[in-house]
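A.B. asks: Got a structure for you, questions after.
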Amino acid sequence: MEALALIPDYQPIPLPAPVWLLQLLLVLGFFLHAVPMNVVLGGGFLSSACLYLGRGNKDGDLYRMGKALATSLPLFISFAITQGIVPLLFLQLLYGPMFYTSSVLIAVPWLAVILLIIVAYYMSYWTIYKYLKKKDGEANKGMAPLVLLIMSFIFLGVAYLFVTNMTLMLHPERWQALYQANQNGLNLPGMDVNTIARFLHFFLAGFAVTGLALGCFGLAINKRDEEFAGYLIKKGSAIYLLVTLVQIGVGGWFLMTLPKEMMMNYMGQDQLATITFVVSMVLMMVSIVGTGLAFTGGSRKMFITGLVSALLTVLAMVVMRHQLRIYHLAPYVDPEKLPVSTQWDLLIVFIISAVALIAYLVWLSRLVWGANNPLLRRGH
């Protein structure tokens, strides 16, 4: 197979931990990254729309919802960036030959991700302190939705580059043609049907998870503003419910665009993959019922039921995504065959640091939430 000749060897040092542990940390790390990342991707578009449509009444619930979401975006962005380091680290350890090669082939646009994130991150703060926190911002209130919209398209571009790279690393048979087309890292592969379905599935998830985030805002302020809290829970549930129903069709399309043998792994040929798929479908149905009842009745308990089952659905989808990567790369690399020399001292330090970081981010979230709470009140 010609593709095998293009794949570099692993680095000539043992893995620092067992493969199963590295895979577990990769999956959990990506889950912790995926949740805030989805809010960033969908939240920018939704906050822009809410601020624009509600611009005629700054005390209205729609405008306040958009403001609440816009002021939380910098926090979600910082979470997404910080937690994104973890899965990238373990991805490089386990599948370095594939990931490094695909990254080199699209080096210029891939490195541009750093600049794009910096610019978009700055724009999220610019929106808050230039427009949303200024009492005399009536003349400029139309600018906030525009800035947020531009920011959202930048993050959408970042998402496109990540999907492109993560897909390209799975297809070494495409590498030679790209290298021959341009040897300076200026390649940007086109999107086939499978990649389009993957990207659309990823994009829609951003709106669904953002709906859950809005409902969580409602839970947080329920004791201080019960009416607005109920509005957030209902609207957030409606957004999640609507997008998830669309996702059923998109997810089915994505599944059918996979090679038949990989698709059948989720249909019974692979026991673990089938169980994961069935569990994800059951959890998704529970989340639909929970958020549906929360939308119609504003029930906090039903929303929490939908929220928990939805987050578990995301986790199950992350596991399925990792299984799909294994299926794609099985003919080319096998981390299980690599030598292992477990460095328990460094591993323990890493785990303690990771837990401490998550605790710090939770504390920081509460601090930032308290600082921005006045923006949720009427007349601010």
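A.B. asks: So how many residues does the stretch 206-263 have that are closer than 19 Å to MET284 by Cα, crowded, with 19+ Cβ neighbours inside 10 Å and of a type in the set (A, V, I, L, M)?
C.D. replies: Summing the residues that are closer than 19 Å to MET284 by Cα, crowded, with 19+ Cβ neighbours inside 10 Å and of a type in the set (A, V, I, L, M) in the stretch 206-263 gives 9.
A.B. asks: Moving to a separate point now. Quick one: is GLY185 at positive phi and modelled with pLDDT under 95? If you could, list the steps in order and put the result at the bottom.
C.D. replies: On the way: at positive phi: yes; modelled with pLDDT under 95: yes.
Answer is yes for this residue.
A.B. asks: Is it fair to say THR274 is crowded, with 18+ Cβ neighbours inside 10 Å, free of Cβ contacts under 8 Å to residues at least 40 places away in the same chain and over 25 Å from PHE203 (Cβ atoms)? I'd like the intermediate steps shown before the answer.
C.D. replies: Working: crowded, with 18+ Cβ neighbours inside 10 Å: no; free of Cβ contacts under 8 Å to residues at least 40 places away in the same chain: yes; over 25 Å from PHE203 (Cβ atoms): yes.
No: the conditions fail for THR274.
A.B. asks: Shifting gears a bit: Answer yes or no as to whether PHE207 is in a helix (DSSP H, G or I) and in the same structural domain as PRO331 (by TED's automatic domain parsing).
C.D. replies: So PHE207 passes the test.
A.B. asks: For the stretch 215-245, how many residues meet the condition of being aliphatic (A, V, I, L, M) and within 19 Å of ALA316 (Cβ to Cβ)? Step through it out loud before you land on a result.
C.D. replies: Initially, the stretch 215-245 is screened for residues aliphatic (A, V, I, L, M), giving 219-221, 229, 232-233, 238-239, 241-243, 245.
From the residues that got through so far, the ones that are within 19 Å of ALA316 (Cβ to Cβ) too are 241, 243, 245.
Counting residues in the stretch 215-245 that are aliphatic (A, V, I, L, M) and within 19 Å of ALA316 (Cβ to Cβ) gives 3.
A.B. asks: Would you check if there is a residue in the stretch 33-42 being buried (at least 20 other Cβ atoms within 10 Å of the Cβ), under 30 Å from PHE90 (Cα atoms) and among the polar types (S, T, N, Q)?
C.D. replies: yes
A.B. asks: Do we have any residue at all in the stretch 180-192 that's assigned to a helix (DSSP H, G or I), surrounded by fewer than 16 Cβ atoms within 10 Å (Cβ to Cβ) and more than 19 Å from the chain's Cα centre (by Cα)?
C.D. replies: yes
A.B. asks: Which is modelled with pLDDT of 95 or more and in contact with a Gly (Cβ under 8 Å, 6 or more places away or on another chain), of LEU94, LEU116?
C.D. replies: Criteria check complete, one pass: LEU116.
A.B. asks: Got at least one residue in the stretch 288-296 being surrounded by 18 or more Cβ atoms within 10 Å (Cβ to Cβ) and at pLDDT below 95?
C.D. replies: no
A.B. asks: Which one is surrounded by the most Cβ atoms within 10 Å (Cβ to Cβ), of the residues in the stretch 300-316 that are polar (S, T, N, Q) and in contact (Cβ under 8 Å) with a residue 24 or more places away in the chain?
C.D. replies: THR313
A.B. asks: Please go through the stretch 203-252 and pick out each residue that is at pLDDT below 95 and aromatic (Phe, Trp, Tyr).
C.D. replies: Passing the criteria: PHE217, PHE228.
A.B. asks: Looking at TYR121, TYR160, which is the one that is over 30 Å from LEU258 (Cα atoms), aromatic (Phe, Trp, Tyr) and part of a helix (DSSP H, G or I)?
C.D. replies: On inspection, the qualifying residue turns out to be TYR121.
A.B. asks: Quick check: is even one residue across the stretch 76-97 among the β-branched types (Val, Ile, Thr), crowded, with 20+ Cβ neighbours inside 10 Å and not in a helix (DSSP H, G or I)?
C.D. replies: no
A.B. asks: Return the pairs, sorted by first residue and then second, in which the second residue is crowded, with 20+ Cβ neighbours inside 10 Å and charged (D, E, K, R), the first residue lies in the stretch 233-250 and is touching a residue at least 40 places away in the same chain (Cβ under 8 Å) and part of a helix (DSSP H, G or I), the beta carbons are less than 8 Å apart, and the residues are 6+ apart or on different chains.
C.D. replies: That search, which allows pairs on different chains as well, returns nothing.
The values are calculated or read from the model by the stated rules, or taken from the named source; none is laboratory data. Computed from a predicted structure; not experimentally measured. Cβ: placed from backbone, ideal geometry, glycine included. Neighbour counts: every protein chain shown.
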